[in-house]
């Protein structure tokens, strides 16, 4: 930038030298040299730097940018080290009200952590990044925000009372992105917080210690082969799955439909080769 200033000034002097003294004075009064960097509006400069740096976070890892679709199918890396340096706790509240994983009482996988917050509590961006989704889901997340970060993951903040950011907005770690609430499918004010890698939820507790309000290290190694790291693999190993027998079903047909062996179905249900199954019967297939 200094070289640019010198070049502009040199050009001005060159043209001015060819003029009379009076003309030189008039000419130089018309030359508008740029302000030194130290005098540039710091707020505008900050916004410019953000836009330049975060046009499309992790474009080398994510093939597309869409303002929809929280969880989607993608080719996961065998392993990926997530940089946690510079992370900020999404809330100053400490009490966990529900953990990540399969919940037998509800018969489904919980894809994040629930942290008790009050309506109106400020919720913060966990890392630098760019807002991919900000919308409302009446029977699900309520008001929620999804941010794609420069370290390769996305974070989701749900059941907010208000969203403070817009889609495609760049944010820094610690920026307010919403207010705590009780919207959507919620039974009390809380923050539902998810950490996601390429559409796959992983346990936020591996990275965030809400009870002690600290980050659990400088980095976290995600390994696809380890079932504790992502909800779909975890569900495969821990969540029972059942099939309701219909007229015409056989153990062979059921096994083929669900991609399991007949021996597995017989073992899980205490059946023998001579056992008869009847319509309406529930068989565990996983």
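The values are calculated or read from the model by the stated rules, or taken from the named source; none is laboratory data. Keep in mind that what you see is a predicted model, and the values were worked out from it rather than measured. Quick reminder, even Gly has a Cβ in these numbers, built from the backbone with ideal geometry, and neighbours come from all protein chains shown.
Looking only at region 153-185, which residues are touching a residue at least 40 places away in the same chain (Cβ under 8 Å), farther than 20 Å from residue 115 by Cβ and in contact with a strand residue (DSSP E or B) (Cβ under 6 Å, 6 or more places away or on another chain)?
167, 170
Output yes when any residue across region 205-225 is assigned to a helix (DSSP H, G or I), modelled with pLDDT under 80, assigned by TED's automatic domain parsing to the domain that holds residue 87 and within 34 Å of the chain's Cα centre (by Cα), and no when none is.
no
I'd like the full set of residues that are assigned to a helix (DSSP H, G or I) and at pLDDT below 85, limited to region 257-266.
257, 258, 264
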